[in-house]
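Trainee: What follows is a single structure, and I will ask about it in a moment.
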Amino acid sequence: KSSTGRGRVSPGLGWGWNHLNLLQMAGEDSPPPPRKKAFFDFLRGHQVNEDEVCIAFRDIHPQAPEHILVIPREHVASLNDIDSMPEGMPGTLLKAVRRIARQLSLDRRGYRVVVNTGPDGGQTVFHLHFHLLGGRPMHWPPG
């Protein structure tokens, strides 16, 4: 059952913790349950969206006026590993990204969704996550 319609967005939250270290902690192959729980408890205080499928929070190194990270609760190392996710979960995550974009009014002018995969793709945190970027014109090529 998806809850993508029940998340909430709280614009304007900013925070100074290094979320990359927290993601790496949660993204270990077999993170101890207390560490994973502590990670999600911390994010709950700094989130912009939460439901039973994902948590979203503002990037501490934003590349656009709106730069939100959307991460699944279930550990998946990268986009290459989505076959290990339950049936329909990848689509549910993308619907969550779209819902957050709408709630931030990014759908009016447009936005970009980025998934860095592997070393050449710029992936530094090995827990699947989506970058939702908006609030300014995007240019091509991206990087």
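Trainee: Within the bounds of the range 101-108, is there any residue that is within 16 Å of Glu52 (Cα to Cα) and crowded, with 17+ Cβ neighbours inside 10 Å?
Mentor: no
Trainee: Looking at the range 118-143, which of the residues that are without any contact (Cβ under 8 Å) to a residue 60 or more places away in the chain and either polar (S, T, N, Q) or surrounded by 21 or more Cβ atoms within 10 Å (Cβ to Cβ) (or both) is farthest from Leu79 (Cα to Cα)?
Mentor: It comes out as Gln123.
Trainee: Moving on. Assess whether Asn80 counts as being surrounded by 15 or more Cβ atoms within 10 Å (Cβ to Cβ) and without any contact (Cβ under 8 Å) to a residue 40 or more places away in the chain.
Mentor: Against the criterion (surrounded by 15 or more Cβ atoms within 10 Å (Cβ to Cβ) and without any contact (Cβ under 8 Å) to a residue 40 or more places away in the chain), Asn80 does not qualify.
Trainee: Can you pull out the helices (runs of 4 or more DSSP H) entirely within the range 1-114 that have at least 1 residues that are at pLDDT below 95 and under 20 Å from Gly135 (Cα atoms)?
Mentor: 89-103
Trainee: How many residues, within the range 83-94, are in contact (Cβ under 8 Å) with a residue 24 or more places away in the chain and either in contact with a helix residue (DSSP H, G or I) (Cβ under 8 Å, 6 or more places away or on another chain) or buried (at least 16 other Cβ atoms within 10 Å of the Cβ) (or both)?
Mentor: Number of matching residues: 3.
The values are calculated or read from the model by the stated rules, or taken from the named source; none is laboratory data. No experiment lies behind these values; they were computed from the predicted model shown. In this analysis, Cβ positions are derived from the backbone assuming ideal geometry, glycine residues included, and neighbour counts consider all displayed protein chains.
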